[in-house]
Amino acid sequence: MSFLTLTHLQKSFGSVKVVHDFNMTIEKGEFISFLGPSGCGKTTVLRMIAGFEIPTGGTIEIAGKDQTNLRPNQRNIGMVFQAYALFPNMSVFDNVAFGLKVAGKPKSEIDARVKEMLKLIHLEHLSDRYPYQMSGGQQQRVALARALAPKPQVLLLDEPLSALDAKIRVSLREEIRQIQRQLGITTVFVTHDQEEALSISDRIVVMNAGKADQIGTPGEIYNRPTTRFVANFVGTLNVIEAILVNAATGTVKIGEEVVSLPQPITGKSDGQSISIAFRPEAATIAGPSTGPAAVTGTVLSSNFLGSVVRTKVDAGGNIISFDMFNQASAQIPKAGETVSLSLQPDGLMVLGD
Amino acid sequence: MKRFWAWGALIIGLLYFILPLIGMTNFSLKMRRGVYSFDAYAKVLGDTRFQETFSYSVTLALLTILVGVFLVVPTAYWVRLKLPFLRPYIEFVTLLPLVIPAIVVVFGYIRLYNTSSWLPLTGTALGTDVLLVAGYTMLALPYMYRAVDTGLRTIDVTTLTEAAQSLGAGWFTIITRIILPNVLVAVLSGAFLTFAIVIGEFTMAALLNRPAFGPYMQVLGANRAYEPAALAVIAFAITWGCLGLIQLVSRFQKSAQRPV
């Protein structure tokens, strides 16, 4: 049975509709990410769950209870904000204790719970510090502890890592995921960073123009996007034209290479031109072991990205990116060289119209 | 050459302000013929009417500060949080006391709340005191509102409110435990200005016939020679003390918000 249920959720600001008929069910203990570009409505949905925005239509249920018309302070939902939002007049201890004090818990219980939370985020030694005496990463960990202290039903994270530098962002997102697993708390995480969403989520909701375009596991979202928007938004995508040789067997001809796709192609007829998409890692430089080349083009640039080298190729006007592992023995293509690429069949996707 | 003129202007300005003060202080110390003494100060401070009027005005100043805080903090907070489009109008309203003379306001009060009106506040001493506090609150509004509004500008009111709400806090808890402590220095600045205004205010207290410090200063000035000068120095010291306290608490706030 689902724990958090959003049914036909809608939100308009004046005449502008920012969330259209949003439906979703989230299991207890699941980590869900809302991913999408700015203005797609992901934060608005989160704020409706928190109670900061009143839905224009639809319902929000947590554990079978309707929350739609409850005030934010009646919902028992923890929230972490992008701007940390620690209370500047309170020490770390008092910040974490705030929710428990508001709930009227006894002092002994508050002390024990705050210590437990500070231990969880490894900041027991900073309990007397004030927010201005801490780094951004430390402040955000305190904000997380503060949100978790009153044992909320659901934890909402509104781009909590956006204000942090790259290294802290990676370590903190791993810490958030580990704490979430440890406590088994149902979590909704809003981000526009696809790497963040792909790395820590059980499921991802890719949002576009106020709608959920696709809901799926990170693998499904990345490898089997169901819409052109999701395919384009998540990861880097190359799109080339191919001729459909046999729709029933999923055979297409891309350049000189005849490739069999993992599944048959429906809705198209043999001989028709179709759009094939693939990720940079699905292409390799053609050689004796890879068979005939699917794409031939001129190298525009090769960029060193650490573990991989990303090369851009101009193939008859189509700009195609492909990745090579960074190995000492690898020959990195130089600008102006002509290269031929071969494509892995299971990395190819047929795009709809 | 430019620097010479700048220093020249500064020195002339300082002399313009300081010389009368020196003259007045000098005069206040000359009550005893031929020698400097604090006789005038001792006489003023020993006068029971000084003690009565001063303590009356201090009491009313504290009440005015309380009413001002209760009125201004929630209003400025709510305007920032929910009604930002009303800010220019609220600012305009709070500026009105600077352009409407106190005498107009107090006549309005007398006309509205006299003994034959539906709410005869001027009929009793307590009622008149209530009117006087209301009038003082209005006079201090431009300073109190601006101080609090500036304080609110330094914190992220919306996010702090939402964070507190998500932790279960209601409006009263949010205002008293989150917003007010975070704008306390601004509130104190407004409070000291309010105190200085109330201590020296004459028009309202005189026309409402209340035993305040302002009318006492006026009566003393009309009937004595040295004591009014001593009283003026005392009043200056109180005002400057308030301004000094504003500086002190502002410095305290700056050091409290220093990043590591």
- How many of the residues in region A:72-81 are more than 7 Å from chain B (Cβ to nearest Cβ) and either on the phi > 0 side of the Ramachandran plot or crowded, with 18+ Cβ neighbours inside 10 Å (or both)? 3
- Task: Assess whether A:Val230 counts as being surrounded by 19 or more Cβ atoms within 10 Å (Cβ to Cβ) and within 17 Å of A:Asp346 (Cβ to Cβ).
- Result: no
- Note on the structure: Taking region B:156-184 and keeping only residues that are at the interface with chain A (Cβ under 7 Å from one of its Cβ atoms) and either surrounded by fewer than 17 Cβ atoms within 10 Å (Cβ to Cβ) or within 32 Å of the chain's Cα centre (by Cα) (or both), one is left with B:Asp156, B:Thr159, B:Leu160, B:Gly170, B:Thr173, B:Ile178, B:Pro181, B:Asn182
- Scan the strands (runs of 3 or more DSSP E) fully inside region A:160-217 and keep the ones with 3 or more residues being at pLDDT 90 or above, in contact with a Gly (Cβ under 7 Å, 6 or more places away or on another chain) and under 22 Å from A:Thr236 (Cβ atoms). A:203-208
- Message: Going by what's in this entry, would B:Ala225 be described as farther than 30 Å from B:Thr128 by Cβ, within 13 Å of chain A (Cβ to nearest Cβ) and of a type in the set (A, V, I, L, M)?
- Response: no
- Pair list, Cβ < 6 Å and 6+ apart or interchain, from region A:152-163 residues that are under 13 Å from A:Met48 (Cα atoms) to residues that are small (Gly, Ala, Ser) and not in a loop (DSSP other than H, G, I, E, B): A:Leu156/A:Ala50
- Criterion (crowded, with 16+ Cβ neighbours inside 10 Å, in a loop (DSSP other than H, G, I, E, B) and either out of contact with any His (no Cβ under 7 Å at 6 or more places or on another chain) or not assigned by TED's automatic domain parsing to the domain that holds A:Met207 (or both)) met by exactly one of A:Glu53, A:Glu61: A:Glu53
- Can you tell me which residue among A:Ser199, A:Ser171, A:Ser162 is among the polar types (S, T, N, Q) and within 14 Å of chain B (Cβ to nearest Cβ)? A:Ser162
- Message: Need a quick list: helices (runs of 4 or more DSSP H) entirely within region B:26-113 having at least 3 residues that are over 15 Å from the mean Cα position of the chain (by Cα) and among the β-branched types (Val, Ile, Thr).
- Response: B:48-81, B:87-99, B:102-112
- Do you know which of the residues in region A:98-154 that are in contact with a Pro (Cβ under 9 Å, 6 or more places away or on another chain) and among the charged types (D, E, K, R) is nearest to the other protein chains (Cβ to nearest Cβ)? A:Lys105
- Task: Mind listing just one residue for me: the one in region B:143-155 that is of a type in the set (Ser, Thr, Tyr) and surrounded by fewer than 19 Cβ atoms within 10 Å (Cβ to Cβ) and, of those, farthest from the other protein chains (Cβ to nearest Cβ)?
- Result: B:Thr150
- Hey, any hits in region B:247-259 for a residue that's charged (D, E, K, R) and within 14 Å of chain A (Cβ to nearest Cβ)? yes
- Query: Among the listed residues A:Asn69, A:Asn89, which satisfies the condition of being outside any helix (DSSP H, G or I) and more than 9 Å from chain B (Cβ to nearest Cβ)?
  - Reply: A:Asn69
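The values are calculated or read from the model by the stated rules, or taken from the named source; none is laboratory data. Owing to the predicted nature of the structure, the values given are computational and were not obtained by experimental measurement. Cβ atoms come from the backbone with ideal geometry, glycine included; neighbour counts cover every protein chain shown.
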